[in-house]
Structures are given as structure tokens and as C-alpha cells.
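Data block below; observations after.
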Amino acid sequence: MSLLEIKNLHARINDTDILHGIDLTIGRGEVHAIMGPNGSGKSTLSYVLSGRDGYEVTGGDILLDGKSVLEMEADERGRAGMFLAFQYPVELPGVGGMAFLRAAVNARLREAGKDEVDQLEFVKMVRAEAKGLGIKDDMLKRPVNVGFSGGEKKRYEILQMALLKPSLAILDETDSGLDVDALKIVSEGVNLLRSAERGMLVITHYQRLLNHIVPDQVHILAGGRIVKSGDKTLALEVEENGYAGLGDAA
Amino acid sequence: MVATVETIEAVEQATGAYKYGFVTDIETEKAPRGLSEDVIRFISAKKLEPEWMLDWRLKAYRYWLKMTPPDWAKLNVPPIDYDDIYYYAAPKSAEAPKSLDEVDPELLRTYEKLGIPLNEQKMLAGVAVDAVFDSVSVATTFREELAKAGVIFCPISEAIREYPDLVRKYMGSVVPVSDNYFSALNSAVFTDGSFVYIPDGVRCPMELSTYFRINEKNTGQFERTLIIAEDSSYVSYLEGCTAPQRDENQLHAAVVELVAQADAEIKYSTVQNWYPGDETGKGGIYNFVTKRGACRGDRSKISWTQVETGSAITWKYPSCVLKGKDSVGEFYSVAVTNGAQQADTGTKMIHLGEGSRSTIISKGISAGRSNNTYRGLVEMNKAAENSRNFTQCDSLLVGDTCGAHTVPYMVSRNPSAKIEHEATTSRISEDQLFYCLQRGLDEEEAVSLIVNGFCKEVMKELPMEFAVEAQKLIGISLEGSVG
């Protein structure tokens, strides 16, 4: 059974149809990239998968571990193992980072019928993960994403991913707003999280991210459909020729 | 060891030893319904009060007769029939719940969430219980320890008999009997409350809490509290509890007076969670409270911290009169309204002394169809040379059917005084909510986290044990308000 199966998915927001029948299957241990021009429906796809309010599925299905998630709320999908690394991580003024991270980890543990994590143990756990991502203690003490630089926000997303250990990670334009050095740190963090148990969907506009996070498959999204799929060389093709000519809607 | 921890342990010991204590059912004489000079005489006689106290009450009553209820607050208060109220030892009405089965299920759910034991649930919900925890014994334990430090902490009715000079000197000196409609009513009919006296140079060895005070039943309606901190003394006082309390008495009109002499500091913290009524507000408490502190001495300090989540209607402005040179007044407030609740709350900082400083941090959270108003006065008088005030009022809206209002009044009669006011209004954004949900937090937990983040500056002013409970409480108060 595949980890994620998207079947003929149609979705709309505010009465505007955005996704016009997407089929995509991701197996455990696989990394798939979705590339596409602006307005092709990339972010919409990430929100529809994660169950954001206002994104209405009008046809098709999304199966996680063979089970439809369409009736599940966003938080249930999160606890079921879906993780979205946000393109624009949201600031939560006054909400302490440690308290937030711990609440998220505990929500998952509760769901799994396990004991909540002890505070001291948790701090150790976070520090260990944070170190590899170059996140300093000071940043962990600040409110969630408040006053973080673009690069810090993205590293913080990866930290959350490392702590929550999702079965499916969706990375929405994680490379946007990153300079070369930050891109390297974030990519290394992501690569460390690649595992035989985990699937990843990497959404990006540019090929450069895929030099660092090398995908097993690349899909081109245009006009709300996947117009072409291939191996990592497809990304290079796009880099050379642009999106033009890759599909009727592109 | 922290004083509060000791306090809790001592209670546990005492409750363990006294767990078989039963309240004997003593038949009390009851004053008739309604208010008259005779009823006031009856109350005073019942309390074995001296003549001067009765005269004081009667004076207040005569003022009250000539006064009218305040109508300037942004509140919709249904008319109150003052002749339909029991002012002394109200008998249990037929409407009082006979078992928990008759209590609002929402209320019971909240008790469960807060982890309140069944017997205590019954007490809070106003259900008659056979065996209640004997508070007299506990209080006695504490009073011994306090007595060693020279601190007096007792029911005000006892203070009137035992320490008449102190009571006579200070009661009504901060909130005069004729101050306002509700304070005049309270002055005429108050049945009990707390009295605290901290002598010169004494730092009170524990946090004082009403929970440990010997209290008669049914005295919550017209409470009267007086706290006096002599030179260079310190006291921290906690009022209320996080559990929503039901009360048959719909009208609550308390008066609290604080007096801080030179270099003294009083920290007064409140968690108010009276029953807000059902979703239409029916059965909820009207909480019309007058709280005022006088910083009489130089460098004295009074700090009010309040977390207001309960009551159907709240009318409350804990204030400071900053008379002493370099005296300090602080007001930290979180007011949460949901459902049909209405709150008009804030503070008054009256600067009289040179170099006096005040800080106001108010966080209002409105949800449901509620209305939440911050109303505050900062007044710099002629002698308030180089005085300063900083005010920050933040409102957070949850949903789109509630109201948040900020009404600041500023008066400056001294050109060297500085007043700063900052105000913001915001909403819990869908972005913030989705971010939390995606991480696996359910909606209630997400809202609670975001709102507690919003209130953080105030919550950190609360004593530790109170703060943890209050955080939980804020989350619970906002349940079902999103989505």
C-alpha cells in the first residue's frame, strides 16, 4: 500500500476551481518534487492535502495509508502523520516556542495512546535537534516565529518536522527567501530526515532546491493538472527551457 | 520552601485531620426580604457590632436611598428589585439545585476539566452537602503562624469587635460610604469579608488567600475587605478561585479598600469566575465591585492583577490614589467575555504626589456575542510634578459577533506629567489557527495557546499556582468560540 494516493483530485477556493484532476502516488521512502509556474495550484495542493478551511474538495480522493482523509480536520490529519512546512511560517506573539513545540509533540503522543513527554527530557530532545540546524538556545526561548529572519523561520519549520516525525512531509516552497548558505543548512536538515519510512512532497518553483534535495520523481503542475512526470532530469529540463511548452495550460 | 507550597501542605494536613468534621445545622433567624433601617439594625445586632458601626451603616443607607445606579458604563443591566433581595442569611430557595443532576451540564463539564472533586463541585454549584470541609480548623493553623509575625488576618466582622480602632480609622477612608451607588449599598448591608493588618516592617510570611479565611456561608454577596500595610511592610493577597461558582444571589456588590503607608507594598490578585449564566446569560451573576487602594506613604506601591472570566455583567475598576511622593500604582488585567457576557472594566490612576508612577496593562478578549469594554482614567493633579503613566490596552476579537471597546480618559493639570497610551485591536487570524492545527493541536488548545500568548504580560504578574490555573481557565472560557 502506498503512503499517499491522490486520485483525480478536484478542488476549489471561493468558488474558483483550482485543481482539475490530480493523480499522484508517493510510496514510503520516496521523495517527489512538484514544480510549476506561479498560479499553477502548488500552494493550493499543499493546503488541500493538509485540510485547511476554505479549500473545498469537489471530486476525487486523498488516501493516507490507504485511508481517505477527506473527512478529517486539519489537526486530525496532522496527528495522523501529515506535516506541512509552511512557505510563510506564522508568528504567534507571546506563545513560547518550547511550550508550542511540546504541545504539538504531546498531541501526537496522546493520539498514539502514549505518555506525554517530560519537560526536562523534551528540552534535551529539542536542543539535540536544534544544534544540527544551527538554531541557538536564544531562538528557542522566543515566541514562535516572532522576530525570526526568513532563514530562521525555515529552519524552525524543519526543527518541528524533526520533532514531530511525520510519515508524510510536504515542503511548500521551503527555498523561497533563502540565501545560498541558508538553503544549504535547510536542505541538509531535510536530507537527514529522509528515511525508508517517510515520504516527502517537495513543492518548488525553482530547480535549485532539487540540487540539494534530490527527488526520486519530478512532476510538473500547470493549470491545476500534472502535465508531465519524470525523474530528476525533468527538473533540469525545466531549468533550461522554462515551463513553456510543457503542457497546454503552462 | 515557597510560602504557598507550605500553605498548601498545611491545608492538606489540616484537612486530613479534620475530614470527619460536619457542619451542624444551626437554625438561624432570618431577616425578611427587602431593605430597611430595621433590617440593617438586625444585621448589626446579629454581628454584635458596636454602636458606631451601626451608625455608619445607617448613614450609608440614607445616602444610598438618595442615589441612583450608574448608567455611564457600556452595559445593559436589567432593573434590579432591591426589595426582593435577602440581605442576611437567605434561606435556600426552592430553585436551588437539589443534586448535581439539576445543575447546568456545561458547568459540570467545566468542573471536570478543572479536575474539581465531586464534593467540592456540589459546594460550588450550590447543592446542599452533608459533610463539608471544616475551614475553621485550617484557618486556625494559619492564624497562629501569622500571629507570630504580628499579622492580623480575620473576618471583618471579627475585626470590628476586636480591633475597633483600626477599623474605624481606615474603613471608608479609601472608598467613602457615599462614593457610588453600589459602595453605599455595600456599606449599609455588608455581612462579611476579610481584614488584614501588616505591622511596620513586616513581610507577610505567606500569600494570604480568602480560601483559608473562616467564612460564613452566603456572605459572597456583599463582601467587605480592608487591607492595611504599615510602613515598609509587604503583603500579597489572593482573591477568588478558578472554579466557576454558582450563587443564588444574583447581585454581588463588594468593596475592597487598600491602604499602603510609606515604603509598603500591597499586591492584590483576583481570579473572578462567577457563573456567567447559560448561553443567554440567564442566571448569571452581576458583579458590581468597588476596589480602590490608597498609596498614602512615600514610595508606597499597590499592584492590582485581575483575571476576569466569569459573571454575566462585570462593573469593576480597581484603582489607585497615588498620594505619596514617588508612589507606584499598577493595574494588570485580563478580561475574557464569551456568550452573552458583558464587561465594563478598567482602572483609575489618580496622581496626587510628586514623581508618582502608574502602569496599566489591559488585555480584553471578546468572543461569542459578548461586549468587552476597557474604561480607564489617568488623572495628573497639580502637585503631581514629573509623574508618569504608561497605558497599554489590547483587545483581541474571536469571531465576528462580539464587541471590544476602549474608553480612556486622561486629565493632566501638571505640564511636567507624562501620559502615554497605546492601544491595539486584533483578531485571532485564520493563519495562526491553521498553523497550530496543522501541528496537531486541536482547536481549543490552539485558541488557548494564542490567547494566553496575548495575555502573557499580565499572567506573569500572577502568583505561580494561580497563573497555571488561570491559563487553563482562559482556554476553557473560550471553548466553542471559534469555528
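Taking the Kirkwood radius as the inverse of the mean 1/r across Cα pairs, report the Rg/Rh of region A:168-236.
Result: Rg/Rh = 0.95.
Would you mind giving the average projected area, over all directions, of the Cα convex hull of region B:265-323 in nm² with one decimal?
Here the figure is 3.9 nm², rounded to one decimal.
Given H placed 1.01 Å from N in the peptide plane, which residues other than close sequence neighbours of B:L377 have an amide H under 5 Å from its amide H?
B:T347, B:K348, B:M349, B:Y409
Given a cut-off of 18 Å, what percent of all Cα-Cα pairs of region A:102-166 lie beyond it?
In whole percent, the share of Cα-Cα pairs in region A:102-166 beyond 18 Å is 36.
Can you give me the Rg/Rh ratio for region A:38-84, using Cα atoms for both radii and the Kirkwood formula for Rh?
Checking Rg against Rh, the ratio lands at 0.95.
Could you work out the relative contact order of region A:4-241, using alpha carbon pairs under 8 angstrom and six or more residues apart, expressed as a whole percent?
In percent, rounded to a whole number, it is 30.
Which one, A:Y206, A:L92, A:G51, is farthest towards the positive end of the dipole of chain A when Lys and Arg carry +1 and Asp and Glu -1 on their Cβ?
A:L92
Per the Kirkwood formula on distinct C-alpha pairs, the Rh of region A:1-50 is how many angstrom?
After inverting the pairwise mean of 1/r, the radius is 11.9 Å.
How large is log10 of I(q)/I(0) for region B:334-483 at q = 0.13, 0.19 Å⁻¹ when the intensity is taken from the Debye formula with one equal scatterer per alpha-carbon?
Log-scaled intensity ratios, in q order: -0.64, -1.07.
Compute the signed sum of charges (Lys and Arg +1, Asp and Glu -1) over the other residues within less than 13 Å, Cβ to Cβ, of B:D442.
-3
Using a Debye calculation, one point per C-alpha and no hydration shell, please list log10 I(q)/I(0) for region A:30-111 at q = 0.10, 0.18, 0.19 Å⁻¹ in order.
-0.31, -0.96, -1.05
Based on the mean of other beta carbon atoms within 10 Å per residue, what is the order of B:310-323, A:52-65, most packed first?
Sorting B:310-323, A:52-65 by mean packing, highest first, produces B:310-323, A:52-65.
Which value in Å is the Kirkwood Rh of region B:239-361 over different Cα pairs?
Mean inverse Cα-Cα distance, inverted, gives 14.8 Å.
Can you sort B:R143, B:R296 so the residue with the fewest Cβ neighbours within 10 Å comes first? Don't skip to the answer; put the middle values down first.
Details: B:R143 17, B:R296 21.
Placing the least packed residue first, the sequence is B:R143, B:R296.
Going by average Cβ neighbours within 10 Å, how do the peptides A:229-235, B:377-383, A:100-106 rank, with the highest at the top?
Values: A:229-235: 15.1, B:377-383: 19.0, A:100-106: 21.3.
So the peptides A:229-235, B:377-383, A:100-106, ranked by packing, come out A:100-106, B:377-383, A:229-235.
What percent antiparallel are the DSSP beta bridges of region A:4-241, to the nearest 5? List each step's numbers first, then the result.
Details: 24 of 42 bridges.
Restricted to region A:4-241, the bridges split so that about 55 percent are antiparallel.
How do B:148-154, B:332-338 rank on mean C-beta neighbours within 10 Å, highest first?
Most protected by this proxy first, the peptides run B:332-338, B:148-154.
Dividing the alpha-carbon Rg of region A:52-178 by 2.2 N^0.38 Å yields what? Write down the numbers at each step before the final one.
Working: Rg = 15.4 Å, N = 127, 2.2 N^0.38 = 13.9 Å.
Region A:52-178 yields a ratio of 1.11.
Based on Cα coordinates alone, diagonalise the gyration tensor for chain A, multiply each eigenvalue by 5, take square roots, and list the semi-axes in whole Å, largest first.
Sorted largest first and rounded, they come to 30, 21, 16 Å.
For A:T58 and A:V180, FRET efficiency with R0 = 51 Å and r from the beta-carbon atoms, rounded to 0.05?
Working: r = 41 Å, r/R0 = 0.80.
Calculated transfer efficiency: 0.80.
In the neighborhood of B:K267, defined by Cβ-to-Cβ distances under 11 Å, what is the net charge if each Lys or Arg adds +1 and each Asp or Glu adds -1?
Net charge around B:K267: -3.
All of the numbers you see were taken from the coordinates with simple rules; none came from a lab. All of these numbers come straight from a predicted model, not from anything done at the bench. Backbone-built Cβ (ideal geometry, glycine too); neighbour counts: all protein chains shown.
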